[in-house]
1. Starting from the 7 Å offset along Cα-to-Cβ, what nm value, one decimal, do you get for the label separation of GLU18 and GLU86?
2. Let me have the relative contact order for the stretch 1-104, percent, based on Cα pairs under 8 Å that are six or more residues apart.
3. Per 5 Å bin, what percent of the C-alpha pairs of the stretch 63-127 does each bin hold, from zero upward?
4. What does a probe at ARG60 reach in the stretch 36-50, counting residues whose amide N is under 20 Å from the point 7 Å along Cα→Cβ?
5. Stretched out fully, how many nm does the piece from SER29 to GLU75 gain, at 0.36 nm a residue minus the Cα gap?
6. Over what distance in Å are the Cα centres of the stretch 82-127 and the stretch 1-59 separated?
7. Can you give the convex hull volume per residue for the Cα atoms of the stretch 18-134, as a whole number of Å³?
8. All other residues with a Cβ under 11 Å from the Cβ of MET91 taken together, and with Lys, Arg as +1 and Asp, Glu as -1, what is their net charge?
Amino acid sequence: MPRQRTDTRAEIRETALELFAKKGYTATSLREIAEGLGITKAALYYHFRSKQDLLADMVRPMLDDGERTVRELEEEPGATARHVLEAFYDMARRHGTLFQAVIADTAALADLGDVVPKLFDWRERLLRLIDDLLDLSRLDVGGLRLNLADLDVRAVAQAVVENSAPAAQAR
C-alpha cells in the first residue's frame with residue numbers, strides 16, 4: 001500500500017524520538033527508524049544525511065525554547081525564584097522525552113557538541129538568577145526566623161532542573 005503524502009521529516013523525527021527514548025540513541029539505527037516508518041534507508045537519507053543530523057534537527061527546537069525561556073527570565077522584572085524554576089521546569093516538560101533521551105545518552109551528547117555547553121550555560125544562568133533572587137542569610141516563616149546560610153540553594157535548584165525531564169516523561 002503506498003504511503004499517504006505527509007510531513008515525512010516530522011514522521012522521521014517522531015519515530016526516532018520513540019526509538020531513542022525506548023532503546024537509547026546509540027542503540028537505535030537508521031535502518032530501525034526507516035523500518036518503523038515503512039520507508040527505505042535511502043528515503044531517510046534523502047531527509048537526513050546521518051543519525052547525528054537527525055538528532056541535531058530534533059534538538060534545535062528544544063535549544064531555541066530553552067534559550068528563549070532563560071533569556072525571558074533574565075529580562076523579567078519581579079521574577080521570583082519559584083517562577084524561575086517553574087518556567088524552566090515547564091520548558092523541560094515540553095521537551096521531556098527528548099530532554100531525557102539526550103541527557104541520558106553520552107554518545108548523543110558527544111554527537112551534539114554544541115548542546116553540552118548550552119545546557120551548562122542555561123544551568124549557570126538559572127542558578128545565578130536564583131542566587132540573585134534569594135536572600136539565604138535569613139528566612140522568616142510565620143514569625144520564625146530560620147538561618148538558611150548552610151542550605152545549598154544551587155544544589156536544590158540543580159536537582160529540580162536535572163529531575164524535571166524524568167518527571168515530565170511520567171506525566
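Any read-out appearing in this document is the output of simple, stated calculations on the displayed coordinates, not a laboratory observation. Since this is a predicted model, take the numbers as computed values, not measurements. Every residue, glycine among them, receives a Cβ derived from its backbone with ideal geometry; neighbour counts consider all protein chains shown.
1. 3.5
2. The value is 30 percent.
3. Cα pair-distance distribution for the stretch 63-127, in percent: 4, 17, 27, 26, 15, 7, 4, 1.
4. Inside the label zone: 43-50.
5. So the extension gain works out to 12.4 nm.
6. The stretch 82-127 and the stretch 1-59 have Cα centres spaced 22 Å from each other.
7. It is 97 Å³ per residue.
8. Once all neighbours under 11 Å are counted, the net charge is -3.
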